[in-house]
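All remarks here apply to the structure that follows.
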Amino acid sequence: MALRGRLAAVSGAWLVFEDEAGFSMTPPQAKTWSQRGRTLVVRVRGRSRRRVSIAALTCYKPGRRARLIYRPRRDDGQRDGRKSFSWRDYRDLLIAAHQQLGGPIVLVWDNLNVHKAAGLREFAEARDWLTIYYLPPYAPDLNPVEGIWSLLRRGWLSNVAFSTPEHLVQRIRSGLRHIQYRSDLIDGCLAETGLTINP
C-alpha cells in the first residue's frame, strides 16, 4: 500500500480501517458436531427482511493495544427510509472514535458512495485530526475489518436460530464485545491482510 510516505507526516496518529456489514435473522451455516446418524437441524421462523447494519473500525498504533469500535443500526422501517448508514452516521462514529482514541486519525476505507458524500467530505476537510485515504476498488482483502466479520459469522452467529431482532442484536454485541477484549484477534485481522505498521 502506498501510504507509507504520506503517513509519515501524520505523527502519532491512529491508523483506522472502516467497513460496514449487514446481518439478517437468517443465520449463517457452519459445520458442527452431532450424534452419528442424526443431522443437526436449526429451525428458523422463515426469512425476515429485518436487518442490522454494523459499522466497525479497527484501530492500530505502534506501542498501543489494537482497538475495535463499532456502532449498530437497525432497519426498523423508519428513519428516512435508509437501510444502511448515512454520512451523518459515519460522521458521528468518527467523532466518537476521535474522543475514545484521544489522537489524530488516519482513516482508510472503501469507495462506497456515502463515504464520498459532500457533507462528509466537508466535515473531514474542517478537521485537522482526520486524514482520509481510500482502498483500491474491489480490495476487501486489504481491510482488516473483513476479518472481524468472518470471526463474528463463524463464531457467535453461526447455527443460531434468532427468535427476535433483539436476539440477533444481542448476539452481535456479545461477539463484538468478546473481540474488543482480545486485541490479539484484532491484530490477527491486520496480519491476515499482509499489511504491517512500522513505528
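The values are calculated or read from the model by the stated rules, or taken from the named source; none is laboratory data. What you see is a predicted model; the values in this text were computed from it and never measured. Ideal geometry is used to build each Cβ from the backbone, glycine not excepted, and the neighbour counts take in all protein chains shown. For accessibility, only protein heavy atoms count, side chains too; no ligands or nucleic acids. Shrake-Rupley method; radii C 1.70, N 1.55, O 1.52, S 1.80 Å.
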Output for segment 158-176, where each listed residue is open to solvent by 50 Å² or more (accessible area, probe 1.4 Å), among the polar types (S, T, N, Q) and without any contact (Cβ under 8 Å) to a residue 40 or more places away in the chain: Thr164, Gln170
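Working carefully through the options Tyr181, Tyr133, find the one that is over 14 Å from the mean Cα position of the chain (by Cα) and surrounded by 14 or more Cβ atoms within 10 Å (Cβ to Cβ).
Answer to the selection: Tyr133.
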Criterion (under 30 Å from Gln170 (Cβ atoms), modelled with pLDDT of 95 or more, of a type in the set (A, V, I, L, M, F, W, C) and crowded, with 17+ Cβ neighbours inside 10 Å) met by exactly one of Ile69, Ile95, Ile54: Ile69
Pairs where the first residue, in segment 109-121, is within 14 Å of Glu20 (Cβ to Cβ) and among the acidic types (Asp, Glu) and the second is open to solvent by 60 Å² or more (accessible area, probe 1.4 Å) and part of a helix (DSSP H, G or I), C-beta under 9 Å, 6+ apart: Asp110/Pro140
Filter result (without any contact (Cβ under 8 Å) to a residue 40 or more places away in the chain and outside any loop (DSSP other than H, G, I, E, B)) within segment 126-139: Leu130, Ile132, Tyr134
Of the criteria (1) part of a strand (DSSP E or B); (2) modelled with pLDDT under 80, which one Thr39 fails: (1)
Residue among Asp141, Asp187 that is closer than 22 Å to Cys59 by Cβ, surrounded by 14 or more Cβ atoms within 10 Å (Cβ to Cβ) and of a type in the set (D, E, K, R): Asp187
